[in-house]
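K.L.:
Take this structure first; my questions come after.
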Amino acid sequence: MKPVKIIFALMLMVLAFNSHAQFGEIRGIVTDVDSKEPLPFATVTYNQNGTIKGVTTDVNGQYKIKPLTAGKYDLSFSYLGYTPYQLKEVSVSAEKVTYADVTMKASGFILPGPTITWEPPMIDPGITAVMDVISAEEIDQAIERDVVSLVANTAGVYQREEGGSINVRGTRENATLYVVDGIKMIGGFTIPKGAIQEISVLSGGIPAQFGDATGGVVIITTKSYRMK
């Protein structure tokens, strides 16, 4: 029985050796053609026995594909913002490493911009409204220190005393609606004059979106909001 065991062990060793010997691998580095800098996390795909497989490069732009049976492989390289690159018929031999370095060129492809949800404007151009606009320059040059006093200088607006509330075209003093950066204000509020980009005063033909305004509407746009 001992010779049989020896022969069986030798057969297992031969099978193991042959199984190991039939595989090879592909290694390489992916770099930018101009800067020579490595391209981390680039995608490398290949076809193995009818199945598309893939690996990614590491932080140093290096990749490794194994185990591969001996033969020829077509490699496809892709990287965001770069022209795809294909390397045809890369030869792989058993128990050997095939090196395939690749350089890729930036395609100049412009990434799509963010998707913006359309929102209707605060003032519908299709509605004829009676409106006065106070620009940032006029605000800076005005001697008035507060918003209410600035608004009181526009047509159809009356202020009983400096610093007091206003009424528009004879409506009640508390009937004026204030909107700051698209937000309807309830109660008192304070905005530094230097922070205001523009003030629009609607005194007639008020759009339906301000339906709860029985008097005028004061729309304030701040400089920080305009920059968004």
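K.L.:
Give the residue that is modelled with the lowest pLDDT, with candidates limited to residues of the range 208-228 that are exposed (fewer than 12 other Cβ atoms within 10 Å of the Cβ) and part of a loop (DSSP other than H, G, I, E, B).
P.N.:
The qualifying residue modelled with the lowest pLDDT is Lys228.
K.L.:
Here is a follow-up. Would you confirm whether or not the range 84-98 contains a residue that is at pLDDT below 85, under 30 Å from Arg169 (Cβ atoms) and surrounded by 13 or more Cβ atoms within 10 Å (Cβ to Cβ)?
P.N.:
The answer is no, given that none of the residues of the range 84-98 is at pLDDT below 85, under 30 Å from Arg169 (Cβ atoms) and surrounded by 13 or more Cβ atoms within 10 Å (Cβ to Cβ).
K.L.:
Next up: Quick one: which strands (runs of 3 or more DSSP E) sit completely within the range 131-207 and have at least 2 residues that are surrounded by 12 or more Cβ atoms within 10 Å (Cβ to Cβ), in contact with a helix residue (DSSP H, G or I) (Cβ under 8 Å, 6 or more places away or on another chain) and aromatic (Phe, Trp, Tyr)?
P.N.:
Counting at least 2 such residues, we get no strands (runs of 3 or more DSSP E) at all.
K.L.:
Test Thr43 against the stated conditions and say whether it is closer than 23 Å to Phe23 by Cα, of a type in the set (Ser, Thr, Tyr), more than 28 Å from the chain's Cα centre (by Cα) and surrounded by 14 or more Cβ atoms within 10 Å (Cβ to Cβ).
P.N.:
Against the criterion (closer than 23 Å to Phe23 by Cα, of a type in the set (Ser, Thr, Tyr), more than 28 Å from the chain's Cα centre (by Cα) and surrounded by 14 or more Cβ atoms within 10 Å (Cβ to Cβ)), Thr43 does not qualify.
K.L.:
A follow-up question, please. Could you please let me know if Gly182 is of a type outside the set (D, E, K, R), in contact (Cβ under 8 Å) with a residue 60 or more places away in the chain, in the same structural domain as Gly204 (by TED's automatic domain parsing) and closer than 25 Å to Ala195 by Cβ?
P.N.:
Here the answer is yes, as Gly182 does meet what is asked.
The values are calculated or read from the model by the stated rules, or taken from the named source; none is laboratory data. Keep in mind that this is a model prediction, so the values were computed, not measured. Positions of Cβ are backbone-derived with ideal geometry, glycine not excepted, and every protein chain shown enters the neighbour counts.
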